[in-house]
Amino acid sequence: MLVYLRSGCKLFMKCLNLFIPFLFTILSKCSFAGSHKPVPYHDSKITYDTTNTDSIKFKETWNSFADAAIHNDIKRLRELSTNCIYCAYCVIDTEYKDSLFKDFQKRNKKIWYNKFYNELSYIAADIFFKEDYQLIFDSDLIRRIADQSKLNFLNRGNNAMTNIHPCYKNIFKNKFPNIQEVLVTRIDPSPKFEGAQIALDFIMTKDGYKFFSFYTIP
């Protein structure tokens, strides 16, 4: 009888030793999946470096900007923006503007490139929200802005603002304002295509973070 009990105990311990690692693996995977579940953009669990004051301030700005975009609140979006938006895409985002720019290229072969990526791409915010905003922030992009899994947040650090465009003058606390970037996946990557993103950049001003730049990747 004692022999059978000892044999049974040994068999039980052997099975237990095999099962524990398996159980631990399952629990770990469950925990990992739960901790990486996408959360709404306004959820308090959204990942930011909460030890960084700039990150906390930007979280508040982004939540307000995203909410305003979702509800098409142009007035609030304008309040959350600088006086001009850097947007090279806006120079050619309609057939009419594209034809005007092509004509400009032909007449200014030596200077068009620098003009395009400098003064021409600084769009007055009032014009941006009147003429360009709806072309960029269409229903598909709005859905993606509301989907946390389509967003990536980058802190681009403190950047020296040299050769400041007149529309940005006197809005910064110092010469090295912090820039935060939100990358929105515009087209999901696939085996045959790398995908596409749009970048929304926010810069620290005397009045907090403001939206000031838009560009596409690629």
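Working carefully through the options Phe214, Phe202, find the one that is buried (at least 19 other Cβ atoms within 10 Å of the Cβ) and within 14 Å of Trp62 (Cβ to Cβ).
Details: Phe214 fails: within 14 Å of Trp62 (Cβ to Cβ).
Only one candidate qualifies: Phe202.
Are there strands (runs of 3 or more DSSP E) fully within the range 76-195 with at least 2 residues that are buried (at least 17 other Cβ atoms within 10 Å of the Cβ), β-branched (Val, Ile, Thr) and in the same structural domain as Tyr209 (by TED's automatic domain parsing)? List them.
81-86, 178-187
Do we have Ala146 as farther than 17 Å from Tyr86 by Cα and touching a residue at least 60 places away in the same chain (Cβ under 8 Å) here? Talk me through it step by step, then tell me what you get.
On the way: farther than 17 Å from Tyr86 by Cα: yes; touching a residue at least 60 places away in the same chain (Cβ under 8 Å): yes.
For Ala146, the condition - farther than 17 Å from Tyr86 by Cα and touching a residue at least 60 places away in the same chain (Cβ under 8 Å) - is met.
Starting from residues that are assigned to a helix (DSSP H, G or I) and without any contact (Cβ under 8 Å) to a residue 24 or more places away in the chain, keep the ones in the range 61-75 and report whichever is surrounded by the fewest Cβ atoms within 10 Å (Cβ to Cβ). Quick ask: steps written out before the conclusion?
Looking only at the range 61-75, we keep the residues that are assigned to a helix (DSSP H, G or I), and these are 61-70, 74-75.
Restricting the remaining residues to those that are without any contact (Cβ under 8 Å) to a residue 24 or more places away in the chain gives 63-64, 68, 75.
Details: Asn63: 16, Ser64: 18, Ala68: 17, Lys75: 9.
Checked the range 61-75; the qualifying residue surrounded by the fewest Cβ atoms within 10 Å (Cβ to Cβ) is Lys75.
If Lys173 meets every condition in (1) free of Cβ contacts under 8 Å to residues at least 24 places away in the same chain; (2) more than 18 Å from the chain's Cα centre (by Cα) apart from one, which number is that one?
So Lys173 meets the others, but not (1).
The values are calculated or read from the model by the stated rules, or taken from the named source; none is laboratory data. The shown structure was predicted, so the numbers you read here are calculated from the model rather than taken from an experiment. Ideal geometry is used to build each Cβ from the backbone, glycine not excepted, and the neighbour counts take in all protein chains shown.
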